[in-house]
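Data first, discussion second: the structure below is written as structure tokens.
The values are calculated or read from the model by the stated rules, or taken from the named source; none is laboratory data. Please read these numbers as outputs of a predicted model, since none were measured by experiment. Here the Cβ is made from the backbone with ideal geometry for all residues, glycine too, and neighbour counts use every protein chain on show.
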There are 2 protein chains.
Amino acid sequence: MEANQGHLSRQSGPTDFLARLSSADARDLVAASQRKLFAKNEFIFKAGDPGRHVYFLQQGRVKICQPAQEGKDVILWFCFAGDMFGMAEVARGGGRVVHAQACEASEVLVLSQTELTDYLKTHSAAALLIMQILADRLRALGDVVVNLINDDAQTRIIKLILRLATRYGVRVDQDIHLNVQLTHQEIADMVGTTRQTVTSVLSQLQRQGLMRLENRRIRIESMELLDGMTNPT
Amino acid sequence: MEANQGHLSRQSGPTDFLARLSSADARDLVAASQRKLFAKNEFIFKAGDPGRHVYFLQQGRVKICQPAQEGKDVILWFCFAGDMFGMAEVARGGGRVVHAQACEASEVLVLSQTELTDYLKTHSAAALLIMQILADRLRALGDVVVNLINDDAQTRIIKLILRLATRYGVRVDQDIHLNVQLTHQEIADMVGTTRQTVTSVLSQLQRQGLMRLENRRIRIESMELLDGMTNPT
DNA sequence: TTCCGAATGTCGGCTGGCCGACAGACAGAG
DNA sequence: CTCTGTCTGTCGGCCAGCCGACATTCGGAA
């Protein structure tokens, strides 16, 4: 019954895997999976580990990070409650190429590769949904590539903020509140720049009155003005 | 019968979609699709077009290119005979975000989104294969991101050459022949640098005896030495 | 074979932001 | 409340490669 409690207490969002399945399909998937807890900063898996399970995040936040052979690791994305992760290596075989680390205490449903394959044989809607999610991530990474090539660091940071705000922002009065705590280093690792540059850009945006930071949470005062800064005149 | 002739005349490769399905699954897919020819430089689809078909390249070469709002378009990858493309927008819905352009006269099998959805309901092995391919592409793009952030332009160019050689190279005596004609601009658009920088790097690699160009085709004289140049001492 | 558009070779000025470093602030654990 | 590890703020030297430009070469169509 614990798995179902986790299911019921979770907030539903647009990337919420289980909520986008039919009740029967979701029930079958939950029944086939196991619930696991991870402490803050604990690795759910690391690059090099066998890729034998897929995960559905019920509560918490998980950072998906691709290490470089030499150089800076790159944060590819964060997973929030409802998100699926760990699917790519399960689908393509081979070991993990990314780390998945809990940014806060997190609860996940875990499904083994074998169980998943069996499940998908009789649940074609779920297979289509997985394809959608993989395709969404392809698009997101394609955008990251194009931005890395074409945009300066400030533009990349602003675009990241806008993306996060669009996806996870909450309107409070005139502002958009982004209730995710991100360090400057994390922002840097997402847009491929240095922590010092992020610090400098955020400081500038705050001086210009476009946003402010409260306890490492971003408060956007004008999405329109911010967006305007990403387009050349 | 023409569709089947195309099928039989194609060379089989590791990314070859149809060859990796069972005969029955492949036959059903071919039966549901239509054959189309595209002339060199013709667009199969462009960014902004509706994403209503998925394509299986039978012959030829197709460039998948993501345009930037402002700035340089980025070549995400080339598709070769056997490759599937156009799946992402079919899976996730919405219009195309990339262009697909034939680099040479090309023949494709075309399957509509509706037919694909129906097909996948009764062919779960194909759904798994599509998931694999999408996951492979995710990995490829993840690597591109990490390389853009961490590597200098020379390293990125060398890594691209090694990747292409590993995938599409043919051993001839001591050399590896890459039988794909690539302009310096195309290489630049794949690794996010300028044409001039590519010219300069390739010139240097040739002077060092690591590779040579014949009719715009790369001939690698030492994979090991090239690979050694991508790791710092 | 000829011709021409595209591709390649070359050059040097300029700059965004990396880098290493250090000091001060602060969030959160105990 | 205290303490400490992490995070943020600041600084200035340095350089990879972008950029614009122009000349030469070359592949492929006619």
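A compact table of results
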item: Candidates A:Ser222, A:Ser203 - the one that is under 17 Å from A:Ala153 (Cα atoms) and over 23 Å from the mean Cα position of the chain (by Cα); result: A:Ser203
item: Top-ranked residue of segment A:53-69 - restricted to ones that are away from DNA strand D (no atom under 16 Å from the Cβ) and assigned to a loop (DSSP other than H, G, I, E, B), ranked as surrounded by the fewest Cβ atoms within 10 Å (Cβ to Cβ); result: A:Gln69
item: Any hit, segment B:166-188, residues being aliphatic (A, V, I, L, M) and at the interface with chain A (Cβ under 9 Å from one of its Cβ atoms); result: no
item: Failed item in (1) surrounded by fewer than 19 Cβ atoms within 10 Å (Cβ to Cβ); (2) away from chain B (no Cβ under 13 Å); (3) touching a Gly at 6+ places or on another chain (Cβ under 8 Å), with A:Val110 passing the rest; result: (3)
item: Residues that are closer than 17 Å to A:Gly86 by Cβ and basic (Lys, Arg), drawn from segment A:101-140; result: A:Arg137
item: Every pair of residues 6+ apart whose Cβ atoms lie under 9 Å, when the first sits in segment B:144-155 and is within 12 Å of A:Ile149 (Cα to Cα) and among the small types (Gly, Ala, Ser) while the second is away from DNA strand C (no atom under 13 Å from the Cβ) and assigned to a helix (DSSP H, G or I); result: B:Ala153/B:Val191
item: Residue within segment A:124-144 that is under 23 Å from B:Gly93 (Cβ atoms), at pLDDT 95 or above and within 16 Å of DNA strand D (Cβ to nearest atom) present; result: no
item: Boolean, B:Leu138 is more than 16 Å from DNA strand C (Cβ to nearest atom), within 25 Å of A:Gly142 (Cβ to Cβ), surrounded by 21 or more Cβ atoms within 10 Å (Cβ to Cβ) and not charged (D, E, K, R); result: yes
item: Count of segment B:50-87 residues which are closer than 17 Å to B:Val110 by Cα and more than 8 Å from chain A (Cβ to nearest Cβ); result: 23
item: Selection status of A:Val90, within 11 Å of chain B (Cβ to nearest Cβ), in contact (Cβ under 8 Å) with a residue 12 or more places away in the chain and crowded, with 20+ Cβ neighbours inside 10 Å; result: yes
item: Residue check for B:Ile158: over 17 Å from the mean Cα position of the chain (by Cα), away from DNA strand C (no atom under 14 Å from the Cβ) and closer than 30 Å to A:Thr193 by Cα; result: yes
item: Set B:Asp175, B:Asp143, B:Asp152: member being of a type in the set (D, E, K, R), closer than 23 Å to A:Pro67 by Cβ and more than 17 Å from the chain's Cα centre (by Cα); result: B:Asp152
item: Residue check for B:Arg96: in contact (Cβ under 8 Å) with a residue 24 or more places away in the chain and either surrounded by 21 or more Cβ atoms within 10 Å (Cβ to Cβ) or not charged (D, E, K, R) (or both); result: no
item: Residues within segment B:38-52 that are part of a loop (DSSP other than H, G, I, E, B) and in contact (Cβ under 8 Å) with a residue 60 or more places away in the chain, tallied; result: 6
item: Options A:Leu182, A:Leu120, A:Leu128: the member that is under 21 Å from the mean Cα position of the chain (by Cα) and closer than 30 Å to B:Gln113 by Cα; result: A:Leu128
item: Test: residue in segment A:186-193 that is near DNA strand C (Cβ under 10 Å from one of its atoms) and among the small types (Gly, Ala, Ser); result: yes
item: Residue list for segment A:205-233, filter: touching a residue at least 12 places away in the same chain (Cβ under 8 Å) and either within 14 Å of another protein chain (Cβ to nearest Cβ) or within 13 Å of DNA strand C (Cβ to nearest atom) (or both); result: A:Asn215, A:Arg216, A:Arg217, A:Asp227, A:Met229, A:Thr230
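For every residue, the table says whether it meets (1) within 23 Å of A:Leu141 (Cα to Cα); (2) part of a strand (DSSP E or B); (3) modelled with pLDDT of 95 or more; (4) within 16 Å of DNA strand C (Cβ to nearest atom).
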| residue | (1), (2), (3), (4) |
| --- | --- |
| B:Gly71 | yes, no, no, yes |
| B:Phe78 | yes, yes, no, yes |
| B:Gln101 | yes, yes, no, yes |
| B:Glu104 | no, no, no, yes |
| B:Val110 | no, yes, yes, no |
| B:Thr114 | no, no, no, no |
| B:Thr117 | no, no, no, no |
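Yes/no per residue for (1) modelled with pLDDT of 90 or more; (2) within 22 Å of B:Val98 (Cβ to Cβ); (3) within 13 Å of DNA strand D (Cβ to nearest atom):
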| residue | (1), (2), (3) |
| --- | --- |
| B:Leu164 | yes, yes, no |
| B:Asp173 | no, no, no |
| B:Ile187 | yes, yes, yes |
| B:Gly192 | yes, yes, yes |
| B:Gln206 | yes, no, yes |
| B:Glu214 | no, no, yes |
| B:Ile220 | yes, no, no |
